[in-house]
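Asks: Sharing a structure here in structure tokens format.
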Ligand SMILES: Nc1ncnc2c1ncn2[C@@H]1O[C@H](COP(=O)(O)OP(=O)(O)OP(=O)(O)O)[C@@H](O)[C@H]1O
Ligand SMILES: [Mg+2]
């Protein structure tokens, strides 16, 4: 299949008061048109950094990003981003936040009425139409995250970049949104690069799961092909041996030591990036 997105020899060094911190080390990855790819790895290994570089928000120290055969260096509406920390404009309403994105992409193509309908449609997709006149400080964290998802989807990006998009949601909403994401992606053929900590989510949604080694100098440790037929249905998958095999492969990578880097130990992580993510082990497994 045609390569849509390519990470070519991406290295990332951050300047810190203690000297240069090498976060990513020669990351090479090709994502096919319409492919759903998940990035999984321990906290602080560099997943958000990868996504920010693809989004054009960070410039790789070495190497670069190629979209449809052309190098990209800056953000663009072709790459819609759902941020790990919902990033809504506080002075705009829920509706206004999505409208800003819609106007940018469809300003010249849709009438005002069509834009309104489209904004409402996307808010309905994430069950947020009822709160469209509220401002971000008036809604919960999970709700803000849903608005962020609606905003990204409303731009109909060719590439959807999602940084733990469902992490802050309750289990039921998460399942609903995972299902709508699968449905939307199948319908539009969007290429998706998603960061997740959730092994079940990675297997359910992905065509491939890319597992990152622990940093500093994080590299790709393992790539798993998820050959489960689509459309996928979570209850049916619970009975599938192939599904459980995929889960086990990822859990093994994360917890059997394969993800440990051979590089020197990491310095104290940057603020906000370092809380323990051992909750990554799903309860089912933790309880045996
Ligand atoms: N601007 C920065 N300056 C210095 N170091 C940084 C900067 N941004 C990220 N880092 C470091 O780079 C590494 C990768 O960070 P990143 O946010 O990509 O991790 P992550 O895999 O997304 O973690 P999490 O799962 O906790 O979100 C971390 O060690 C982090 O402390
Ligand atoms: Mg992150």
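Just so you know, all these numbers are worked out from the coordinates, no wet-lab data involved. Predicted model, so just to flag it, every value in this text is computed and none were measured. Virtual Cβ from ideal backbone geometry, glycine too; neighbours counted across all protein chains shown.
Asks: Once both axes come from the Cα atoms, what is the angle between helix 112-125 and the longest principal axis of the chain, in degrees from 0 to 90, rounded to 10?
Replies: That works out to roughly 40 degrees.
Asks: For the chain, what is the calculated [θ] at 222 nm in deg cm²/dmol (nearest 500), taking -39500 (n - 2.57) for each run of four or more DSSP H residues and dividing by its residue count?
Replies: -10500 deg cm²/dmol
Asks: Kindly state, to the nearest 0.05, the FRET efficiency for residue 18 paired with residue 235, given R0 = 41 Å and r defined as their beta-carbon distance.
Replies: The value I calculate is 0.25.
Asks: Using a ≥ b ≥ c from the Cα gyration tensor of the stretch 178-234 (square roots of the eigenvalues), is it rounded, prolate or oblate, where a/c under 1.5 gives rounded and otherwise the larger of a/b and b/c decides, a/b for prolate?
Replies: Prolate shape, in that a/c is at least 1.5 and a/b is the bigger ratio.
Asks: Also: Per the Kirkwood treatment, what hydrodynamic radius in Å, one decimal, follows for the stretch 87-156 from the mean inverse distance over all distinct Cα pairs?
Replies: For the stretch 87-156, the Kirkwood estimate is 11.6 Å.
Asks: From the Cα trace of the chain, what convex hull volume per residue do you get, rounded to a whole Å³?
Replies: Normalising the Cα hull of the chain by residue number yields 142 Å³.
Asks: Build a GNM of the chain with springs between Cα atoms under 10 Å: which of 112, 234, 247 gets the top mean-square fluctuation?
Replies: 112
Asks: Taking the Cα atoms only, what angle lies between the long axis of helix 94-106 and the longest principal axis of the chain, rounded to 10 degrees?
Replies: Between helix and principal axis, roughly 90 degrees.
Asks: Please report how far the C-alpha centroid of the stretch 141-211 lies from that of the stretch 51-81, rounded to the nearest whole angstrom.
Replies: Distance between centres, Cα-based: 19 Å.
Asks: Fully extended, how many nm does the chain gain between residue 87 and residue 175 (0.36 nm per residue separation, minus their Cα-Cα distance)?
Replies: 29.5 nm
Asks: Also, I was wondering about something else. Taking Cα atoms, how many degrees apart are the long axis of helix 241-255 and the longest axis of the chain, rounded to 10 and kept between 0 and 90?
Replies: 60
Asks: What FRET efficiency would be calculated for the residue pair residue 245, residue 112, taking the C-beta separation as r and a Förster radius of 45 Å, to the nearest 0.05?
Replies: 0.30
Asks: Consider a paramagnetic label point 7 Å from the Cα of residue 32 along Cα→Cβ; state which residues of the stretch 206-226 have an amide N under 16 Å from it.
Replies: 206-210, 223-226
Asks: Still on this structure, I have one more. Using the Kirkwood formula over every pair of different C-alpha atoms, what hydrodynamic radius in Å results for the stretch 1-124?
Replies: Taking the inverse mean of 1/r over all distinct Cα pairs, the stretch 1-124 comes out at 16.8 Å.
Asks: Of 256, 248, 55, which is the most mobile in a GNM of the chain whose springs link Cα atoms less than 10 angstrom apart?
Replies: For the chain, modelled as a Gaussian network with Cα springs under 10 Å, the answer is 256.
Asks: Stokes-Einstein at 10 °C, 1.306 mPa s, Kirkwood radius from Cα pairs: D for the stretch 119-229 in µm² s⁻¹?
Replies: Once the numbers are plugged in, D ends up at 105 µm²/s.
Asks: Each label point is 7 Å from the Cα along the Cα-to-Cβ direction; what then is the distance between the points at residue 120 and residue 137, in nm?
Replies: It works out to 2.9 nm between the two label points.
Asks: OK, next. Please give the length that would be gained between residue 225 and residue 9 if that part of the chain were fully extended, namely 0.36 nm times their separation in residues minus their C-alpha to C-alpha distance (nm, one decimal).
Replies: 75.6 nm
Asks: Then there's this: Using alpha-carbon positions, what is the distance between the centroids of the stretch 102-137 and the stretch 1-23, in Å?
Replies: Using only Cα atoms, the two centres lie 34 Å from each other.
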